[in-house]
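S.K.: Dropping the structure in here first, questions after.
The values are calculated or read from the model by the stated rules, or taken from the named source; none is laboratory data. Everything quoted here is computed from the prediction, not taken from an experiment. When we count neighbours, we look across all protein chains shown, and the Cβ atoms used for this are built from the backbone with ideal geometry, even at glycine.
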Amino acid sequence: MSNLLEVQNLSVKFPTRNGIFEAVRNISFSLGRERLGIVGESGSGKSLTGRAILRLIKKPGILEADHITLEGTNLLQISKKAMRRVRGHKISMIMQDPKFSLNPVMRIGDQISEAYRLHARASKKDARKKTLDMLEKVLIRDPERVFRSYPHEMSGGMGQRIMIAMMLIPDPKILIADEPTSALDVTVQKEVLEIMDDLVRERGMGLIFISHDLNVVSAFCDRVLILYAGRIVETCRADRLHEAKHPYTIGLLNSIPRLEQPVEHLQVLQRDTAWNLEPSVSGVVADGETPS
Amino acid sequence: MATDNTLHKKRRKRSLPLWVKGISNTVFTVAITMVGLLFVTFIIGRVMPIDPVLSIVGESASRATYDAAYQELGLDKPLFLQFFLFLWDIAHGDFGESLLTARPVGQDLIRVFPATLELATVGTIIGVLLGVPLGVIAAVKRGSWIDHVARVVALIGYSMPVFWIGLIGLLIFYGILGWIGGPGRLDIFYVDTIPSVTGMILIDSLLAGDIEIFKNAISHIVLPAGLLAYYSLAYISRMTRSFMLEQLDQEYIITARVKGLPESTVIWRHALGNVKVPLVTVIALSYAGLLEGSVLTETIFAWPGIGSYITTALLSADMNAVLGGTVVVGLVFVCLNIFSDLLYKYFDPRAK
Amino acid sequence: MSIPDACPQKQITWREWLTTDTPASRRQARLSVWYHSWLAFRSNLMAMFGLTILLALVLIGLFAPILAPQDPFAQDLAARLSAPGVNGYMFGSDSLGRDILSRLIYGSRITLYIVSLVALMAPVAGLFVGTAAGYLGGWVDVVLMRITDIFLAFPRLVLALAFVSALGAGIENAVLAIVLTAWPPYARIARAETLTIRNADFIHAIKLQGAGTLRVITRHIWPLCISSLVVRVTLDMAGIILVAAGLGFLGLGAQPPSPEWGAMISDGRRFILDHWWVATMPGLAIFIVSLAFNLLGDGLRDVLDPKKSSQ
Amino acid sequence: MTEKTETGIELDQVNIWFGEDEQRVDAVINAGFAVPPGGSFGLVGESGSGKSTILRAITGLAPTWSGNISVLGNRLGEKRDKEFYRAVQMVFQDPYASLHPRQTVDHVLSEALHLHGFDNPDKRIAQILDDVGLKQSFRFRWPHQLSGGQRQRVAIARALIIEPSILLLDEPTSALDVSVQAEILNLLKRLQSERDLTYLMVSHDLAVVSHMCSEIGVMNQGEIVEMLDVAALRALEASHPYTKQLLDASVQKRRE
């Protein structure tokens, strides 16, 4: 297993009135051709981690890292122009709510083909054909009609399929999915996740799956990083999540009500201030090594 | 998922196509607004301290002449009937006769309106061409020196009395430097030398192929139009900036960046594409503002447009002319509103 | 999260007391919000500059008799059209030999008078109409908004002109005309604001507590509309000053010999080529005051209306 | 007491719609269920299924409905009176939207007391803060000084301070993190047993609803397609295909 991406000592900081706030604190991890889950509660820094990889931290936020290496190039050292080649072409991202993440005044077809035309330098006609193909791959029944439609005419599930099509059309190596289904209904969630999963596997891509939902992540990923207050407190194989050792992870797991295992009272997570001081656990898996 | 109101089952008895309803709605709204506007104008005309009969028949007229004129004007009829007669007349383009020019007010308005239109249009075009890019750049480079400059430029624009800065401008550029033509639309010996087709000299002179007159007209319009443009620029650039900032914060902008699009495409295609929807309304408002601002500007520059017409009429108590002018400016306002509504619907797919 | 409730009061400075996260009384909670707004406002240099100018204007208006070097109406035909500095006229004298500086100082009273009258009437009318229309909806909304649209369709200055010409020139009529054209935008803003608030859960919540319509509007909706109205009013005051001065300039506002700034410009217009100061001084005064309102409004927007601070 | 209070909430053949004539959209079709006093009933469904609309119709926030709704044995008409609001309170989904941004906790709670003419506000406020697990020092805080969980506690305090017997819960935890959700759900459970409250809860999360409620109605496209008790739900004994689909989606995502 070779690593597509390696992140070393990543921090994201925001200056505030009361000094600097560190939203992500010195985290390191790697991504192979695998599905890596990043789990945490709101404010744990999971979304910022995703955006930091694409160097999309808005001012006045500060992004620092020893390196973020994609196939041997340090993304922090390349020019803005080169970074744009990386975005979309090598790394893509799907965001939470298609209602906001699609441009409301542009036709869906134009939005999807735009990226392809840019990265593949394809003609308008080729791009159109490719776009329609891609829409079909995300199981949209009437691609021609959807191509001409505007985002507001689509349901949430359709919108998210369109996002997937749009982000996968330039054939990137890595897909970052930032809470891709938390704005969707449960029955639709499954469909969308399956479509995404199939396409990612088929293309041998690396997937970073960011979510607050431990259930989804454990079902859907190979390996999980658990973030707390900007740091990785634990990393483990997704199917062994129930064997997690850190009190935070255990507390999180136990606080979820379960249909099959009724309890009178849910366990409440007792936060320990010591967690804030622990060093971040490394999520790096060395090349060639299989995750334990 | 905020509320559960997503509506799923639509039971529709379609009687009329939606667009027919839309248009008939618009027409109805416009009609109501127009009638209301005319009503207010009518009331203003009625509460005037000036006796319209006296101003026609003169101070020394006999009682009989006075009464005859009184009835002729329909003043003996009930107020609301008078209002309908007033509406009827206006619907036929009859605004009565001007005391000052002794011509029908309608004809006067047709004569003076193009001058105002020309001034405001040139002003708006310059204002949009400079204001939109300035606003966009200020938003993109928020907090930079260019943003501050744009802010100061706009604040000064908001704060400057147009009649004063016009005077100062005339003093400096015409009186001292002599760079531009003075008051009026043309130098005096060019006036009425070309046939009036559109009433807008810049266009008429080009139609007549007379470059000399065109240049002269430019030298006259440059200062007043430049001033109006400045006001329009101040407003449009601020609004553009604010809309842009709002859009640049949206998620779809991140999507566009994730796709690897160059910043220029992200800004000018994606963000501005969304900004142009509300911007249409702003530009229409600004245009209307310039038409109105012409009242003062035209006074300063002796520009023979509707603004000068109204003020001159006002100072000589020529009520028909004042009311006619007010109605026409009001009409133009209403039309601009409708036009911007239609454009809005055209630009925003969600509004259809 | 230990709370310094028990701390003896004297050990805490006023500043700490005001900036605490754990206010211990209603008064402290309210004051600390005001104090935080003030801190935010204070850091905005331009807004502070505007506020200073306006405070100075109020003081000048209050103490005009003490500050003015001369009687604003005293004519001295021998010293007419003196340049600034000549004959002891710091800003020069006008065509009747009156001291321009003294006239400017007294003119500030007229400006303040107009501004405060308009600021008291137009936004209040707009707030009533807008919140009623927005909250009650239905035919009330349709009727009120139709009326608003009609007044909005009127060009402000032109309507003011027609109005003043009908009622006669003078400050009060000018103010009335301005108010008549100034309220519709406030009604629009208040309505738009109400529409977004109306369906907020916190309004539903108070309705579910059994609060009546009047209470919901006055206690829950107004406080939220008022801050955006205050911002808008402050910014509009600049425009109001300009319209009032414009009316004065056209001879339809304050009547001579009243030292209204717009009328003073009109007076100086005839001498603009040779005696520039007569028109320039009052013009500058209008510009500065109007700029001050704009700066203040801009700053207030940042504090009161962070969402729209971008405009 | 008497027969009158045999039911907490009862709905019979309730239709709710928005708009009229051509624009009419039916949000809830022929809904009916009953919640006994002290019981807890859950409505589960996806967005647009009409579940929140039912709550809004009960409270009078959705204006156009037909059928019978009765609360504590009283049939509801067009208008709700003070007595109704004394008896029925609601907790909303998003604690960031359900507190007035310009009112302190104290203000919110005092106003509720004032509206219903309660005496001794200081004592009552202190008591309710205690009950919902907020420290006394929170009394004069502004909403922006509170976290999501704390805000939801304030919202619960606001609902309970006037001592209602019925609490409507509109997705009370879906905007919160799971660990905070657990705290709020525990709180709601404790308060129900302490105060003998009747709960009508709406949620999209089957697990949350089955944790809180003994009887569950599944809604789809405006209709209650199936009613089952929590034991049947936990045993995955659903008969309606939509319920099965929902169960499948809820359970499967953690299996694979």
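For every residue, the table says whether it meets (1) surrounded by fewer than 19 Cβ atoms within 10 Å (Cβ to Cβ); (2) not charged (D, E, K, R).
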position	(1), (2)
A:Ala127	no, yes
A:Arg141	yes, no
A:Met154	no, yes
A:Asp171	yes, no
A:Thr181	no, yes
A:Thr187	yes, yes
A:Met196	no, yes
A:Gly204	yes, yes
A:Leu207	no, yes
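S.K.: Residue under question is B:Met239, and the condition is that it be of a type outside the set (D, E, K, R), under 30 Å from A:Ile112 (Cβ atoms) and either more than 11 Å from every other protein chain (Cβ to nearest Cβ) or surrounded by 23 or more Cβ atoms within 10 Å (Cβ to Cβ) (or both); does it hold?
M.R.: For B:Met239, the condition - of a type outside the set (D, E, K, R), under 30 Å from A:Ile112 (Cβ atoms) and either more than 11 Å from every other protein chain (Cβ to nearest Cβ) or surrounded by 23 or more Cβ atoms within 10 Å (Cβ to Cβ) (or both) - is not met.
S.K.: Which of the residues that make up region A:7-51 are more than 19 Å from A:Glu234 (Cβ to Cβ), of a type in the set (D, E, K, R) and surrounded by fewer than 21 Cβ atoms within 10 Å (Cβ to Cβ)?
M.R.: Within region A:7-51, A:Lys13, A:Arg17, A:Glu22, A:Arg33 meet the criteria.
S.K.: Considering only region C:216-224, I want to know if a residue exists there that is within 30 Å of B:Ala139 (Cβ to Cβ) and not hydroxyl-bearing (Ser, Thr, Tyr).
M.R.: Yes, the conditions are met somewhere in region C:216-224.
S.K.: Tell me which of these D:Glu46 doesn't satisfy, since it passes every other one: (1) facing chain B (nearest Cβ under 9 Å); (2) within 25 Å of C:Gly210 (Cα to Cα).
M.R.: (2)
S.K.: Please give the number of the condition D:Ala62 fails out of (1) more than 30 Å from A:Val188 (Cα to Cα); (2) within 13 Å of chain B (Cβ to nearest Cβ).
M.R.: (1)
S.K.: Return yes when D:His211 is at the interface with another protein chain (Cβ under 8 Å from one of its Cβ atoms), at pLDDT below 95 and over 14 Å from the mean Cα position of the chain (by Cα) and no when it is not.
M.R.: Criteria met by D:His211.
S.K.: Going by what's in this entry, would C:Phe202 be described as within 30 Å of D:Pro95 (Cβ to Cβ), of a type in the set (Phe, Trp, Tyr) and modelled with pLDDT of 90 or more?
M.R.: yes
S.K.: Right, another one. Please state which of the following conditions A:Asn215 fails to meet, knowing it meets all the rest: (1) among the polar types (S, T, N, Q); (2) facing chain D (nearest Cβ under 10 Å); (3) touching a Cys at 6+ places or on another chain (Cβ under 9 Å).
M.R.: In the conditions (1) among the polar types (S, T, N, Q); (2) facing chain D (nearest Cβ under 10 Å); (3) touching a Cys at 6+ places or on another chain (Cβ under 9 Å), A:Asn215 misses (3) alone.
S.K.: Filtering region C:75-95 down to residues that are in contact (Cβ under 8 Å) with a residue 60 or more places away in the chain and on the phi < 0 side of the Ramachandran plot, which residue is surrounded by the most Cβ atoms within 10 Å (Cβ to Cβ)?
M.R.: This residue is C:Asp94.
S.K.: Taking the stated definitions as given, is B:Leu331 within 14 Å of chain A (Cβ to nearest Cβ) and part of a helix (DSSP H, G or I)?
M.R.: Spelling it out, it is not the case that B:Leu331 is within 14 Å of chain A (Cβ to nearest Cβ) and part of a helix (DSSP H, G or I).
S.K.: Moving on to the next point. In a helix (DSSP H, G or I), of a type in the set (A, V, I, L, M), out of contact with any strand residue (DSSP E or B) (no Cβ under 9 Å at 6 or more places or on another chain) and over 30 Å from C:Arg15 (Cα atoms): does that describe C:Leu54?
M.R.: Answer is no for this residue.
S.K.: Starting from residues that are of a type in the set (Phe, Trp, Tyr) and under 21 Å from C:Asp267 (Cβ atoms), keep the ones in region B:134-190 and report whichever is surrounded by the fewest Cβ atoms within 10 Å (Cβ to Cβ).
M.R.: Residue satisfying both the conditions and the ranking: B:Tyr174.
S.K.: Ok, one more. Identify the residue in region B:255-264 that is facing chain A (nearest Cβ under 8 Å) and more than 15 Å from A:Lys58 (Cα to Cα) and, among all such residues, is surrounded by the fewest Cβ atoms within 10 Å (Cβ to Cβ).
M.R.: B:Pro262
S.K.: Can you confirm whether region C:292-311 contains a residue that is facing chain B (nearest Cβ under 8 Å), part of a loop (DSSP other than H, G, I, E, B), more than 30 Å from D:Ala62 (Cα to Cα) and touching a Gly at 6+ places or on another chain (Cβ under 8 Å)?
M.R.: The answer is no; no qualifying residue exists.
S.K.: List the number of the failed condition for D:Leu236; all other conditions in (1) within 12 Å of chain A (Cβ to nearest Cβ); (2) surrounded by fewer than 19 Cβ atoms within 10 Å (Cβ to Cβ); (3) not in a loop (DSSP other than H, G, I, E, B) hold.
M.R.: (3)
S.K.: Continuing with the same structure: Test of understanding: among C:Leu157, C:Leu195, C:Leu161, C:Leu152, which residue is surrounded by fewer than 24 Cβ atoms within 10 Å (Cβ to Cβ) and over 30 Å from D:Arg56 (Cβ atoms)?
M.R.: Going through C:Leu157, C:Leu195, C:Leu161, C:Leu152 in turn, the sole match is C:Leu152.
S.K.: I'd like to verify a number: residues in region D:68-116 that are surrounded by fewer than 22 Cβ atoms within 10 Å (Cβ to Cβ) and hydroxyl-bearing (Ser, Thr, Tyr), how many?
M.R.: 3
S.K.: When the residues of region C:206-254 are filtered to those that are in contact with a Lys or Arg (Cβ under 7 Å, 6 or more places away or on another chain) and assigned to a helix (DSSP H, G or I), which remaining residue is farthest from D:Pro164 (Cα to Cα)?
M.R.: Here the residue is C:Val243.
S.K.: Just wondering, is there one or more residues in region A:177-189 that are within 14 Å of chain D (Cβ to nearest Cβ), farther than 30 Å from D:Leu233 by Cα, in a loop (DSSP other than H, G, I, E, B) and of a type outside the set (Ser, Thr, Tyr)?
M.R.: no
S.K.: Kindly provide the set of residues from region D:47-57 that are over 18 Å from D:Leu188 (Cβ atoms) and buried (at least 22 other Cβ atoms within 10 Å of the Cβ), ordered by number.
M.R.: Across region D:47-57, the qualifying residues are D:Gly48, D:Ser49, D:Gly50, D:Thr53, D:Ile54, D:Arg56, D:Ala57.
S.K.: Identify, by number, the condition in (1) part of a loop (DSSP other than H, G, I, E, B); (2) surrounded by fewer than 24 Cβ atoms within 10 Å (Cβ to Cβ); (3) touching a residue at least 12 places away in the same chain (Cβ under 8 Å) that C:Ile272 doesn't meet.
M.R.: For C:Ile272, the exception is condition (3).
S.K.: Count, please, the residues in region D:108-133 that happen to be in contact (Cβ under 8 Å) with a residue 24 or more places away in the chain and either more than 11 Å from chain C (Cβ to nearest Cβ) or among the polar types (S, T, N, Q) (or both).
M.R.: Matching residues across region D:108-133 total 8.
S.K.: Also: Quick one: in region B:317-326, which of the residues that are surrounded by fewer than 24 Cβ atoms within 10 Å (Cβ to Cβ) and at the interface with another protein chain (Cβ under 10 Å from one of its Cβ atoms) is farthest from B:Phe42 (Cα to Cα)?
M.R.: In this case the residue turns out to be B:Ala317.
S.K.: Checking the conditions here, which among D:Ala155, D:Ala175, D:Ala235, D:Ala249 is modelled with pLDDT of 95 or more and farther than 19 Å from D:Gly38 by Cα?
M.R.: D:Ala155
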